[in-house]
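Working notes, beginning with the structure itself.
The values are calculated or read from the model by the stated rules, or taken from the named source; none is laboratory data. For clarity, every value in this text was computed on a predicted model and none was experimentally measured. With ideal geometry, Cβ positions are generated from the backbone for all residues, glycine too; neighbour counts draw on all protein chains shown. Calculation scope for accessible area: heavy atoms of the full protein, side chains included, ligands and nucleic acids excluded. Shrake-Rupley method; radii C 1.70, N 1.55, O 1.52, S 1.80 Å.
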Amino acid sequence: MHRLTALQVAQGVTNREFSAEEYIHRILERIEKVEPKVNALITVNKGAIEHARALDKRIRDGEQAGPLAGVAVSIKDNISTKGIRTTCASRMLDSYVPPYDATVVKRLTDAGAIIIGKANLDEFAMGSTTEFSRHGPTRNPWDISRVPGGSSGGTAASVAAMECAISLGSDTGGSVRCPASFCSVVGLKPTYGLVSRCGLVSYANSLEQVGPAARTVSDVALALGAIAGHDDNDHTTAPGRPEFKLEKKKLRIGLVGEFIQGADPEVSKIIYGAYDTLAQEHECAEASMPSVQYALASYYTIAMAEASSNLARYDNVRYGYDMSPEGYEWNSYFAKSRGSFGEEVKRRIITGSYVLSSGYYGKYYLKAQQVRSILRKELKSLFKQFDVLIGPTMPILPFPIGEKIDDPLKMYLVDVDTVVANLTGTPAMSVPSGFAGNLPVGLQLMADEFCEQVMLDAAYSFESAAKVQRSPDL
Ligand code: GLN
């Protein structure tokens, strides 16, 4: 039962072929079996069975079942869940229990989904491997000695390990797509403003969106349809509540040369293979985006600047962890409470404050914003020529845990292909495109703002033609 897709679960529960309770029971058994190996979840929701039972009763009583009836979902632990602790994998929020649900969580549960747990992440979503978590690293279900990607490593690993059918992550610089690629699942970052950020713990507001991961393109489209659309509590959301329906149609697809350059040869080989597969049904050509080379530096400058400001609220007065106060002398109090951030978070707060400081602002922050406009212009003109752009999601294969943990620059470099979509606000997704041995490679697809439909269509067409999905041996 744990292998069922979200669509199959919702159908089975709605038609009463099996109960939500039976299915969730099986999911909890699966979690018990695989969790010691993958460590994808920080918290398992003890109320899940009860919620499933209540849903079954409502369906028996003739109430309309939602499009996600009974579907097991996990939620990244930086997205607020009422009554279930939300730690951001940080000591700072170890015991924080939100008094409200994030809009995306409310929309999923209103559609009938059952939250089975909170997914592991890098502290405050800062990282690309899920190694920077207070709860220990998540492991890649395909090879547990390797990283699952990050920062939504728990999101992608819980889906790949079949602990749930859908998971929500957040994507500030690639955090849904990177682990989706490393764990061979589908992961999508929506257009900036398509999905509400109300209840998402902010890392870098101008870059991030909540996005779904699942094992099929159809399930990702289903989840996106459930969470997308205007929210009165987030005024950066666009009007309307869009729905997505997958269609097969001929598209113009461009392979971005700059994304392939510098990629591991095993990765490029698979991506060229994906291009050939797509070329059988679509009009494909090579494309170029010369400013991609400045994207990474621009991204890290802006992300750290915004992080330094966002994380100022964790001062152990407004938010923070409980420490027994040793007097209230200003310096020692704040040094101690702010000192409970992990090393990577501290590094970013310090670097972010530096790039914003007077005298350096023009040199770094302003330059980074200029790069952003140039990238936007380049992309706009490419999207006159192409419906969808493709390339590798990650330039490398999933690497051993610990390999890059002591070298921040090496760690940051792995985001080179994903950050462009965040800087430009455009949608992007990763779809499984093959394996090098036992290690997954993801194909990244990008589209113009609010063109998720056409991107999903291309992904669906690729998924149907390439048939790369397998199950990890856990
Ligand atoms: N790896 C990137 C970073 O650390 C992206 C993180 C994210 O998207 N949350 O900033």
Total residues in segment 364-378, condition over 29 Å from A335 (Cβ atoms) and open to solvent by 60 Å² or more (accessible area, probe 1.4 Å): 6
Residue check for G199: within 20 Å of G442 (Cα to Cα) and in contact with a Phe, Trp or Tyr (Cβ under 9 Å, 6 or more places away or on another chain): no
A436, sole failed condition from (1) touching a residue at least 12 places away in the same chain (Cβ under 8 Å); (2) open to solvent by 30 Å² or more (accessible area, probe 1.4 Å); (3) farther than 21 Å from T5 by Cβ: (2)
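Conditions (1) surrounded by fewer than 20 Cβ atoms within 10 Å (Cβ to Cβ); (2) assigned to a strand (DSSP E or B), marked per residue:
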{"site": "T237", "(1), (2)": "no, no"}
{"site": "E243", "(1), (2)": "yes, no"}
{"site": "L246", "(1), (2)": "yes, no"}
{"site": "K250", "(1), (2)": "yes, no"}
{"site": "S268", "(1), (2)": "yes, no"}
{"site": "Y272", "(1), (2)": "yes, no"}
{"site": "E281", "(1), (2)": "yes, no"}
{"site": "C284", "(1), (2)": "no, yes"}
{"site": "Q293", "(1), (2)": "yes, no"}
Members of segment 121-141 found to be more than 13 Å from the ligand (Cβ to nearest atom) and in contact with a strand residue (DSSP E or B) (Cβ under 6 Å, 6 or more places away or on another chain), listed by number: H135, N140
Every pair of residues 6+ apart whose Cβ atoms lie under 6 Å, when the first sits in segment 242-261 and is closer than 9 Å to I390 by Cα while the second is open to solvent by 20 Å² or more (accessible area, probe 1.4 Å) and hydrophobic (A, V, I, L, M, F, W, C): I253/C284; G254/A285
Test: V201 is open to solvent by 10 Å² or more (accessible area, probe 1.4 Å), among the β-branched types (V, I, T), closer than 24 Å to R241 by Cα and modelled with pLDDT of 95 or more: yes
Residue tally, condition under 22 Å from the mean Cα position of the chain (by Cα) and surrounded by fewer than 19 Cβ atoms within 10 Å (Cβ to Cβ), over segment 340-359: 1
Unique match (being hydroxyl-bearing (S, T, Y), over 23 Å from G169 (Cβ atoms) and open to solvent by less than 60 Å² (accessible area, probe 1.4 Å)) among S90, S19: S19
Which listed residue is open to solvent by 10 Å² or more (accessible area, probe 1.4 Å), away from the ligand (no atom under 14 Å from the Cβ) and of a type in the set (F, W, Y), from Y460, Y412: Y460
Evaluation of A69 against (1) at negative phi; (2) assigned to a helix (DSSP H, G or I); (3) surrounded by 24 or more Cβ atoms within 10 Å (Cβ to Cβ) (one fails), failing number: (2)
Selection status of D101, of a type outside the set (S, T, N, Q) and surrounded by fewer than 23 Cβ atoms within 10 Å (Cβ to Cβ): yes
Number of the exception - A297 against (1) within 16 Å of the ligand (Cβ to nearest atom); (2) open to solvent by less than 30 Å² (accessible area, probe 1.4 Å); (3) of a type in the set (A, V, I, L, M): (2)
